[in-house]
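See structure below.
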């Protein structure tokens, strides 16, 4: 609802007071439909004392931030702001939660001044995990990429954390190999403790989820389509491995950043099975009968740098008491 009143005498071309409040603000006592109060400040104060006074105060704070509330002329709780004659401004209190774009103008200004905005990190991988009746099954493909180049066809993406905890990493191979858990990598963390199986995801920006099944990486959408259509509670050991393998294969065949083989890790209470190269969906079907020979010197050497090793002197370790 919107309420308006005019400052000054009747007929003046002065300013209007406009009150834009959502319908959930309490109507002041004695004010019937179609009536207008004589004092805007009184109306706002009564609204602030209603069932949702905190929202009224939030409204005041929002109006002040937008520099449309002239608090020097009005009471602190008065939800009023000054606008030109015959112009009505109305504002709803934003709902709790959701996205906040308050810093977008600042970021745009900094970018124009030369600040380099961080780019999006490419995660050429498919990693998945699910909870089954007796534990957790994790899966990953084995292709490591460096941009458009396949750097390794059979790398390990399922990392040991503890005897009962393993972690799949999606991100740059250097980050996940050097320090699993770095925020630049997306992770699927699974394990079993005394309370049962657990499956968590850690996003590159730091947020976490606890889910019965999860996928991450560039092939995650293809893998998720398999989980969403076939996952059910109480899967057996064989069914869990089969479903994880199918999800990884979906990522391998539908995502250029994923490929090669399927690795699976099954974690149960007191036991862990790492099934390295559990499936080989992309076998090499052609090998030349003549073999391959590469003539030396076909690749041009752009520069050479030789760094000699410095030998360290040997230190004899003796008994200090002998002296």
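Would you call residue 263 buried (at least 21 other Cβ atoms within 10 Å of the Cβ) and either without any contact (Cβ under 8 Å) to a residue 40 or more places away in the chain or out of contact with any strand residue (DSSP E or B) (no Cβ under 8 Å at 6 or more places or on another chain) (or both)? No, not satisfied.
With respect to the conditions (1) outside any loop (DSSP other than H, G, I, E, B); (2) more than 30 Å from residue 246 (Cα to Cα); (3) at pLDDT below 90, residue 145 lacks only one, and its number is (2).
The values are calculated or read from the model by the stated rules, or taken from the named source; none is laboratory data. Only a predicted model underlies this, so the values are computations on that prediction, with no experimental measurement involved. With ideal geometry, Cβ positions are generated from the backbone for all residues, glycine too; neighbour counts draw on all protein chains shown.
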